Amino acid sequence: MGNFKKPFFIITIDTEGDNLWSKPKEITTYNAKYIERFQNLCEKYCFRPTYLVNYEMAIDPLFRKLAKKWIKENRAEIGMHLHAWNTPPLHRLTEDDFYNQPLLIEYPVDVMRQKLEFMTRLLEDTFEVRVTSHRAGRWGFNETYAKLLVELGYKVDCSVTPGISWERVRGGPNYKGFPTEAYFVNLDNIRERGKSDLLEVPVSIVYIYSYFVERLFAISEKLAVTIGNKLSAISSPKLTWLRPKRNNLKYMLRLLDRAISMKWTYVEFMLHSSELMPGGSPRFKTQEAVDKLYHDIEALFRKSNPHFEPATLSEFYQQFCDKTLS
């Protein structure tokens, strides 16, 4: 899948307001107080996260102060994450946009462009850095969106979730059948590889089989999948994100094992900043739950550290381009 000495370990954090799953009328950003613990853990294992920042976090004084320091010291990267319903300029699309949370791709093209331009200026002026990485809010991405990103000079996107359909989320995209590895996007069909300047770096999401079957991937992917499918009646494969969800650590570790044995180009970890705060998300409601989350994250980082190279999204883009063109 890749031809690097080691795969890259990419950490992406959707940096946004508190518990947006609850559809709050007023968005708070208390989770900014909890991000430094995560940053410190990344640095313990020499990883540099990419914080994909939306509007309310870009104007939060504490996060701005912390992130500017991390960027200046080359300890993190800032990219864009855009939630259309509260990003200026406001444009009413439904009876209650804060409840319905419309995707950016639902808006007229000129409004899409205005919101993207606003967020790009805000991030670059605030953090005093060129912003070239991006993830769509609520995973809502399409060809129009991709073309606008290219117009604005973005180089890398990570909105694709292979094997996942978001059609029930206000008619969002269906990413089933999309590539699982990085590829330059065809701007007329984002499912396909093309010759644009925009590199798509899909989140690491694959079917994970039993321990026995997973060991076969080191021998033959075709053999492993064939045997895994035959055994699926006994032990169904689990669609696994490199994203902690309270009870999926063993599957994430098997995903890392497969990435190492099959010499993938990269793996991409994702999480929301609000999940780092007790009560900031539906999954991690208590301090105990957040501490368990950190236990799982550290287990991933500990296993990954000797086998992967750290990279932010933009660093991976440069490495990928250098390898492709060499």
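Per residue, the chain exposes 45 Å² of solvent-accessible protein surface, assessed with a 1.4 angstrom probe and all protein chains in place. Each part reduced to its alpha carbon centroid, the range 33-71 and the range 188-203 end up 28 Å apart. Ranking 113, 193 by solvent-accessible area of protein heavy atoms (1.4 Å probe, all protein chains present), from largest to smallest, gives 193, 113.
With both residues required to sit in the range 23-179, DSSP beta bridges show an antiparallel share near 10%.
Taking θ as phi - 60° and the Karplus parameters 6.51, -1.76 and 1.60, the scalar couplings of the range 299-313 work out to 4, 5, 5, 4, 5, 6, 3, x, 10, 10, 8, x, 7, 6, 4 Hz in sequence order, x denoting glycine and proline. Mind pulling the angle between the C-alpha long axis of helix 249-261 and the longest principal axis of the chain? Nearest 10 degrees, somewhere in 0 to 90. Approximately 70 degrees, to the nearest 10. Within the full protein context, the accessible area of residue 110 is estimated at about 80 Å² for a probe radius of 1.4 Å. Sum up the charges of everything whose Cβ sits under 14 Å from the Cβ of residue 70, counting Lys and Arg as +1 and Asp and Glu as -1, but leave residue 70 out. Here the count lands on +3. Take every Cα pair under 8 Å whose residues are at least 6 apart in sequence, average their separation, divide by the length of the range 25-78, and the relative contact order is 40 percent. In order along the range 187-203, the phi-based Karplus estimate (6.51 cos²θ - 1.76 cosθ + 1.60, θ = phi - 60°) of 3J(HN,Hα) comes to 5, 9, 7, 5, 6, 9, 6, x, 10, 6, 8, 8, 8, 8, 10, x, 4 Hz; Gly and Pro are listed as x. Residues whose amide H comes within less than 5 Å of that of residue 309, counting only those at least five positions distant or on another chain, are 8, 9 (H built at 1.01 Å from N in the peptide plane). Counting DSSP beta bridges in the chain, what percent are antiparallel, to the nearest 5? Percentage antiparallel, nearest 5: 25. Amide H to amide H distances under 5 Å link residue 208 with 238, 239, 240, where only residues 5 or more positions off or on other chains count and H is placed in the peptide plane. Expressed as a whole percent, the accessible area of the chain that falls on carbon and sulfur atoms is 50 (1.4 Å probe).
Relative contact order of the chain, taken over Cα pairs closer than 8 Å and 6 or more residues apart, is 24 percent.
Look at the dipole of the chain built from charges on Cβ: of 46, 165, 247, the Cα furthest out on the positive end belongs to 247. In the complete set of protein chains, residue-level accessible area for residue 96 is approximately 50 Å², probe 1.4 angstrom. Percentage of Cα-Cα pair distances in the chain greater than 24 Å, rounded to whole percent? In whole percent, the long-distance tail amounts to 54.
Distances between placed amide hydrogens fall under 5 Å for residue 136 paired with 158, 159, all partners being 5 or more residues away or on another chain. Translational diffusion of the range 21-110, estimated by Stokes-Einstein from the Kirkwood radius over alpha carbon pairs at 4 °C in a medium of 1.567 mPa s, is 87 µm² per second. With contacts taken as Cα pairs under 8 Å and at least 6 residues apart, the range 51-191 reaches a relative contact order of 21 percent.
Using a probe of 1.4 Å, the accessible surface attributed to residue 302 totals some 130 Å² when neighbouring protein chains are kept in position.
The values are calculated or read from the model by the stated rules, or taken from the named source; none is laboratory data. Quantities reported herein were computed from a predicted structural model and do not represent experimental measurements. Here the Cβ is made from the backbone with ideal geometry for all residues, glycine too, and neighbour counts use every protein chain on show. We work out accessible area using only protein heavy atoms, side chains counted, and drop any ligands, DNA or RNA first. Shrake-Rupley method; radii C 1.70, N 1.55, O 1.52, S 1.80 Å.
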